[in-house]
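> This structure is in structure tokens; I'll ask about it shortly.
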Amino acid sequence: DTAVSQTPKYLVTQMGNDKSIKCEQNLGHDTMYWYKQDSKKFLKIMFSYNNKELIINETVPNRFSPKSPDKAHLNLHINSLELGDSAVYFCASSQTPGVGQPQHFGDGTRLSIL
Amino acid sequence: GDSVTQMEGPVTLSEEAFLTINCTYTATGYPSLFWYVQYPGEGLQLLLKATKADDKGSNKGFEATYRKETTSFHLEKGSVQVSDSAVYFCALTPRNSGNTPLVFGKGTRLSVIA
């Protein structure tokens, strides 16, 4: 059983388009995240949601809009895609509270902007 | 702010060689520490973790000890295999919050040759 699943796995599109990435977790966790991994493999947090509420937005352009319809889902919509948005986007989830709770990651969505 | 510094890669080793990947951190407070592994084309998987000083995390022959005095969490394995080839990330979360995003190091690529 897949714990954190993202779709699509690959997304190739042109500059200026709008696209969405979906994420679902079946672990019963109450916190979900979006991370961006650049071409040098560096990972950085974009958003964090706890029980459907936004708790962290790390100075991400407002072209990126996360939406959490329920605590098992966190989708990412991107408007007016730019070349610099090309990256791998990872969804993750964790359970709170608890010291040292690990995060569980999806397999990533590789976004390529032409 | 909190940060993680890990050794630059890539690291290339022969099978059965000893592995060390250095990781040091800067954090206010008392973080939890993690090593994650990313195999080619996959998401991140938790490899091991430690939540307090002198704790040793271990998994699949890998070990790391939480050293508060040197603010380090070096990853070691006594005998690497070709299947260990991957990118390894050191990461932390602050101790006082279970849903704080991970702060990652830049990753170290390990290649093991037969």
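> Placing +1 at every Lys and Arg Cβ and -1 at every Asp and Glu Cβ, with all other atoms neutral, what dipole size does the protein assembly as shown have around its Cα centre, in debye to the nearest 20? Provide the component values of the computation, followed by the final result.
Details: 22 positive and 22 negative charges, 56 e Å.
With only Lys, Arg, Asp and Glu charged at Cβ, the dipole is about 280 debye.
> How do B:GLU76, B:GLU8 line up, fewest other C-beta atoms within 10 Å first?
So the residues, fewest neighbours to most, are B:GLU8, B:GLU76.
> Taking loop as defined by DSSP and a crowding limit of 12 other beta carbons within 10 Å, which chymotrypsin sites (Phe, Trp or Tyr not before Pro) in region B:9-114 fit?
When the chymotrypsin sites (Phe, Trp or Tyr not before Pro) of region B:9-114 are filtered for loop state and at most 12 Cβ neighbours within 10 Å, B:PHE18 remain.
> Shifting gears a bit: Around B:LEU47, what is the net charge, scoring Lys/Arg as +1 and Asp/Glu as -1 over all other residues with Cβ under 14 Å from its Cβ?
Overall, the nearby charge balance is 0.
> Compare the Cα positions of A:LEU54, A:LEU114, A:ASN17 along the charge dipole of chain A (+1 at Cβ of Lys, Arg; -1 at Cβ of Asp, Glu; about the Cα centre) and return the one farthest towards the positive end.
So the residue we want is A:LEU114.
> Loop only by DSSP, 15 or fewer other Cβ within 10 Å of the Cβ. Give me the trypsin sites (Lys or Arg not before Pro) in region B:24-114 that pass, ordered by residue number.
Working: sites: B:LYS49, B:LYS52, B:LYS56, B:LYS60, B:ARG67, B:LYS68, B:LYS77, B:ARG95, B:LYS106, B:ARG109; in loops: B:LYS52, B:LYS60, B:LYS68, B:ARG95, B:LYS106.
Listed in order of number, the matching sites are B:LYS52, B:LYS60, B:LYS68.
> Still on this structure, please answer the following. Which whole-Hz couplings ³J(HN,Hα) result when phi for each residue of region B:68-83 is put into the Karplus expression 6.51 cos²θ - 1.76 cosθ + 1.60, θ = phi - 60°, listed in order with x for Gly and Pro?
For region B:68-83, the Karplus-derived couplings read 6, 5, 10, 6, 10, 8, 6, 8, 9, 8, x, 8, 7, 10, 4, 5 Hz, x marking Gly and Pro.
> Could I ask something else about it? Would you list A:HIS73, A:HIS104 from fewest to most Cβ contacts within 10 Å?
On the way: A:HIS73 16, A:HIS104 20.
In increasing order of surrounding Cβ atoms, one gets A:HIS73, A:HIS104.
> Moving on. What are the ³J(HN,Hα) couplings of region A:23-34, residue after residue, when phi is run through the Karplus curve with 6.51, -1.76, 1.60 and θ = phi - 60°? Round to Hz, x for glycine and proline.
So the Karplus estimates, Gly and Pro as x, are 9, 9, 10, 10, 9, x, 6, 10, 10, 10, 9, 10 Hz.
> While we're looking at this one, here's another question. Which of the listed residues, A:HIS73, A:HIS104, A:SER39, is farthest toward the dipole's positive end in chain A, when Lys, Arg count +1 and Asp, Glu count -1 at the beta-carbon?
The residue sitting farthest along the positive end of the dipole is A:SER39.
> Starting from the Cα of A:LYS19, draw a straight line to each of the lysines and keep only those under 26 Å, dropping any in the same chain fewer than 8 residues away.
A:LYS9, A:LYS36, A:LYS40, A:LYS41, A:LYS44, A:LYS52, A:LYS67, A:LYS71
> Let me ask another. With +1 on each Lys and Arg Cβ and -1 on each Asp and Glu Cβ, and nothing else charged, work out how big the dipole of chain A is about its Cα centre, in Debye to the nearest 20.
On the way: 12 positive and 11 negative charges, 46 e Å.
For chain A, the charge dipole is close to 220 debye.
> Let me ask another. Specify the residue with the greatest mean-square fluctuation among A:GLY28, A:GLY16, A:GLY100, computed from a Gaussian network of chain A linking alpha-carbon atoms under 10 Å apart.
The residue with the greatest mean-square fluctuation here is A:GLY100.
> Further question on the same structure: Above 19 angstrom, tally the Cα pairs of chain B and express them as a % of all pairs, no decimals.
40 percent
> Hey, with R₀ at 41 Å, roughly what FRET efficiency would B:LYS68 and A:ILE55 work out to, going by the Cβ-Cβ distance, to 0.05?
E between B:LYS68 and A:ILE55, to the nearest 0.05, is 0.90.
> Are there chymotrypsin sites (Phe, Trp or Tyr not before Pro) in region A:1-74 that DSSP marks as loop and that have at most 15 other Cβ atoms within 10 Å, and which are they?
A:PHE42
> What percent do you get for the relative contact order of region B:28-114 when only Cα pairs under 8 Å and 6+ apart count?
29 percent
> Here's a follow-up. With springs only between Cα atoms under 10 Å apart, run a GNM on chain A and tell me which of A:MET46, A:MET15, A:MET32 wobbles the most.
A:MET15
Every number here is computed from the coordinates shown, using simple stated rules; none is lab data. Owing to the predicted nature of the structure, the values given are computational and were not obtained by experimental measurement. As a convention, Cβ positions derive from the backbone with ideal geometry for all residues, glycine included, and neighbour counts pool all protein chains shown.
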